[in-house]
Amino acid sequence: MIALVVFLPLIAALAVGLSVRIIPVRAAHAITCGAMVISALLAGIVFSRFVGIENWKDAFGAAGLVYKVTIAPWIVSGDFTAGWTLRVDALTAMMLVVVTWVSAVVHIYSVGYMHDDPHQQRFMAYLSLFTFFMLMLVTSDNLVQLFFGWEGVGLCSYLLIGFWFKKPSANAAAIKAFLVNRVGDFGFALGIFATYALFGTIHYDAIFAAAPKHAADMMRFLGHDFHALTLVCVLLFIGAMGKSAQIGLHTWLPDAMEGPTPVSALIHAATMVTAGVFMVARLSPLFSQSPAALAVVTIVGGVTAFFAATIALVQNDIKRVIAYSTCSQLGYMFLACGVGAYAAGIFHLMTHAFFKALLFLGSGSVIHGFSGEQDMRRMGGIWRKMPITYAYMWIGSLALSGLPLFAGYYSKDSILEAAYAAGGGVARFGFWLGITAAAMTAFYSWRLLFMTFHGKPRASRQVMARVHESPGIMLKPLLLLAFGAVFAGAIGYHPLGLVSPKAAYWEASLAAQPVLEAAHDVPEWVGALPLLVALSGIAVAWIFYIVQPGIPSKLAKAVPALYRFLLNKWYFDELYDFLFVRPAMRLGRNLWKLWDEKIIDGLGVNGAALVTYLSAARTARLQTGYLYHYAFVMLLGFLLILSWVMFV
């Protein structure tokens, strides 16, 4: 069953991808969507095995809550071995559900969204291949297999972001995503090498068992001695920063909106961007041995949550607002992992997948209704024309804002309570950044809702006349996401007890989490503050965009420097362009013009040819055809030989 969950998307991708020129569109839809639905149903059964059996150890054997399926030997070189094994524990079971369910919805939604595209077969094959690599990542049993899935989702993201390859902006965004991720992946690869150098193995179980024994080891790197586990964890976390778009390596994420909207939902809700969070949680027994590395994770997560939320406040592209929201919510997940509340981070990953996919696909419905328009300044007043999409966006916004009874309320509050309970300067710093980001999250999510659906129509009459509700093939699958956005938090918090101090569900998956027990004893104001700031953010958005819609423009004119700073995304792109892109372009041009053309071509290839040509030309001048010239040369030769014999 587990093998089917993982390999059905691959089979579908190969079946459609290898026959992309001859297979009918409907057949491609049926194969890919059918395989994903079956995979999702089987993943649900696997997950139920972990939550529906009282005595898990009796069900899964003395080893605890871990089940392994060996596919085949993979790499054997001397003492180094890396098998191809599917590892399923509680963490993997939850990720299987999240990945397959969201992917199944995206596959079905794409049938309607991409119905006019001439390359639908290729698109569906890419989606299924992307899902396979993500499933390989979450079922990995060693670091090399994890890296295989890690690079696979990177490759597929390049293919999907640049799917509309005739658009220069899409090609540029795909290349940018690929290159920025390579920076993080370089650190990730170094982390894997360092792990093998320290432990002599790349298998999880062996690493986790040996981690306490190496708690005091030192490792030499770049000419300096570092605490070994801190170095390993920080290098691994650099990879997570690239894949999960944390501050510094985040610049690819908003540009990835150039891809079709279903791609945005799949990449930014449940798959690629959550890979970094999953990796930190999977390696939690390793990270827990290094307080310094956890402090780095906490600071990066908290700063990213705040930083991305500030940018989302002023963005006008509906998909970019949601993209920066994703970046911010990923910061929350890392904040949870950094303070040792790994279960809270994964819990938020799960709830976020549902409501963020709902928001992305809901925005895709709006774009579809507007015939491709994405600028919220050209929308407004359409809630009566698109009532079902409007209801979905309401649900997603309520969940994202963290209001009671919705999924985001339970998971986000768990993170903030754990951050406060962890104590210490770093954790409290992350807590207050998270509180501030929660207020901004509520504001920008309802700003999006009000600008898109309320107020006076800002589009022309001709455009407004064409605005229409999306077809059922796009709207009906969103019911599953809406259900998750409403109930996933309550179910995970109460019946399943995923963030309970005694949550047996995580027994064999995550490191010890004492902070969760302390989180249940925080002061009452800590639990109430996120709700208060969320309600305040919604109220401010209502005043700014419904009651007094002229306030935002006046505010932007009052503080133009701050407005431009946020609108230009803290000038990260411009900074990187100045520090890296332009110097690289100048270096490349100089190497091209000076080294390649003048030295290699001029003095090398072309120079040798020129010398040969000139020598041949001058030699040819000696062949005049006159007899007296040849006789004169013969006489000179005779005199030279005679002189040499007489004097030498």
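What are the ³J(HN,Hα) values, in whole Hz, obtained from phi via the Karplus relation 6.51 cos²θ - 1.76 cosθ + 1.60 with θ = phi - 60°, for each residue of the range 555-563 in sequence order, with x given for Gly and Pro?
With the stated coefficients, the range 555-563 comes to 5, 5, 6, 6, 10, x, 5, 5, 4 Hz.
Averaged over every viewing direction, what's the projected area of the C-alpha convex hull for the range 392-485? Give it in nm², one decimal, please. Let's see the in-between values first.
Details: hull surface 31.5 nm².
Projected over every direction and averaged, the Cα hull of the range 392-485 covers 7.9 nm².
Considering just Cα atoms, how many Å³ per residue does the convex hull of the range 451-609 enclose? Can you show the working numbers first?
Values: hull volume 61.5 nm³, N = 159.
Convex hull of Cα atoms, per residue: 386 Å³.
Listed highest first by mean packing, meaning other Cβ atoms within 10 Å per residue, what order do 205-217, 186-198 come in?
By packing density, highest mean first, the sequence is 186-198, 205-217.
Can you list the lysines whose alpha carbon is less than 30 Å from that of Lys176, not counting same-chain residues fewer than 8 positions off?
Straight-distance partners of Lys176: Lys166, Lys167, Lys243, Lys319, Lys356, Lys569, Lys593.
With a ≥ b ≥ c taken as the square roots of the eigenvalues of the C-alpha gyration tensor of the range 1-143, please select rounded if a/c is under 1.5 and otherwise prolate if a/b is larger than b/c or oblate if it is not?
Working: a/c = 3.13, a/b = 1.60, b/c = 1.95.
Since a/c reaches 1.5 but b/c is at least a/b, the shape of the range 1-143 is classed as oblate.
Mind listing the long-range amide H neighbours of Thr85? Cut-off is under 5 Å, sequence gap 5 or more, other chains count too, H placed in the peptide plane at 1.01 Å from N.
Result for Thr85 returns Ile71, Asp141.
Beyond 49 Å, what share of the Cα-Cα pairs of the chain remains, rounded to the nearest whole percent?
On the way: 41702 of 209628 pairs.
For the chain, the share of Cα pairs beyond 49 Å comes to 20 percent.
Towards the positive end of the charge dipole of the range 145-264, with charges on Cβ (+1 Lys, Arg; -1 Asp, Glu), say which of Met218, Gln145, Phe186 has the farthest Cα.
So the residue we want is Phe186.
I need the shape label for the range 110-247. Rule: rounded when a/c is under 1.5, else prolate if a/b > b/c, else oblate, with a, b, c from the alpha carbon gyration tensor.
Values: a/c = 4.14, a/b = 2.15, b/c = 1.93.
Since a/c reaches 1.5 and a/b is larger than b/c, the shape of the range 110-247 is classed as prolate.
Report, in whole Å, the centroid distance computed from the Cα atoms of the range 188-231 and the range 118-133.
Taking the Cα centre of each part, the range 188-231 and the range 118-133 sit 37 Å apart.
What is the diffusion coefficient of the range 579-631 in µm²/s, taking the Kirkwood radius over Cα pairs and the Stokes-Einstein relation at 20 °C with a viscosity of 1.002 mPa s?
Answer, rounded: 151 µm²/s.
Treating only the Cβ atoms of Lys and Arg (+1) and Asp and Glu (-1) as charged, compute the dipole magnitude of the chain about its Cα centre; round to the nearest 20 debye.
Numbers: 42 positive and 30 negative charges, 435 e Å.
Rounded to the nearest 20 debye, it is 2080 debye.
Taking the convex hull of the alpha carbon atoms in the range 89-136, what volume per residue do you get, in Å³?
Given the Cα convex hull of the range 89-136, per-residue volume reads 47 Å³.
What is the chain's relative contact order, in percent, from Cα pairs under 8 angstrom and six or more apart in sequence?
On the way: 1050 pairs, mean separation 79.5, N = 648.
Averaging sequence separation for qualifying contacts and normalising by length gives 12 percent for the chain.
Using +1 at the Cβ of each Lys and Arg and -1 at the Cβ of each Asp and Glu in the range 422-544, identify which of Ser460, Val426, Leu475 lies farthest towards the dipole's positive end.
After comparing all options, I get Ser460.
Order these peptides, 621-633, 504-516, by their mean beta-carbon neighbour count within 10 angstrom, highest first. The partial results should precede the final answer.
On the way: 621-633: 9.5, 504-516: 19.5.
Final packing ranking: 504-516, 621-633.
In whole Hz and in residue order, list the ³J(HN,Hα) couplings for the range 265-274 that follow from phi through the Karplus curve 6.51 cos²θ - 1.76 cosθ + 1.60, θ = phi - 60°; x for Gly and Pro.
Those phi angles translate into 5, 6, 6, 9, 10, 10, 10, 4, 6, 8 Hz.
Dipole of the chain (Lys/Arg Cβ +1, Asp/Glu Cβ -1, origin at the Cα centre): which of Leu286, Ala556, Tyr67 lies farthest to the positive side?
Projecting each Cα onto the dipole axis, the largest value belongs to Ala556.
Rule-based calculations on the coordinates, nothing more; no lab input. From a predicted model like this one, the values you see are computed outputs, not experimental measurements. Neighbour counts are summed over all protein chains in view; Cβ atoms, including those assigned to glycine, are modelled from backbone coordinates with ideal geometry.
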